[in-house]
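Taken together, the values in this text are just the output of simple stated rules run on the coordinates, not laboratory data. Remember, it's a predicted structure, so these values are computed and weren't measured experimentally. Cβ atoms come from the backbone with ideal geometry, glycine included; neighbour counts cover every protein chain shown.
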Amino acid sequence: MVLEDSDEWLRHQLRELNRDIPKIRVPLPILLKMDNPFIETLGGVHYFDKDELKSLKSILPEDLQENLKLPLVFRRSIESGESIYFIDGGELEAEVIKKLTGLNFIPFNGEKYYTYKPVILKLLSNFPSIIVIGVI
């Protein structure tokens, strides 16, 4: 019985840590057309800063603008250590992160792109409303 309670407690904690994860990600052009851009999350609603979205559009080439879905989602793996964050998505998201940070390379482990805490902090300092962090 205690093990079942422990499992339920852990599931609850992970749900709470991931409450900001979007139910769906929305393309940048659609968000820019909204008066108050937002998405539904697992725990409620996430609002985007319209000025950040406009700034993002001005930085990215047109092909990335058209195909990018937001928010950018990073997941910290408990098993991988505190400073490694896996990127939800693929090559497109990695290209966007390179453009936003000035990096030339985003590591890939054969399954997922990932980055490190200093990169996340840089992104959060410039674009806090387009970044969401969860735990896996």
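Okay, here's what the table says:
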quantity	calculated
Kyte-Doolittle mean at least 1.0, axial Cα span of 27 Å or more - DSSP H helices of the chain	none
Beta bridges by DSSP in the chain, antiparallel share as percent, to the nearest 5	75
Whichever aspartates and glutamates have a C-alpha closer than 18 Å to that of K23, once near sequence neighbours (fewer than 8 apart) are set aside	E40, D88, E93
Net charge of neighbours whose Cβ lies under 9 Å from the Cβ of I21, counting Lys and Arg as +1 and Asp and Glu as -1	+1
Out-of-range pairs (alpha-carbon distance over 20 Å; input K54/K122; K57/K122; K69/K112; K33/K122; K98/K122)	K33/K122
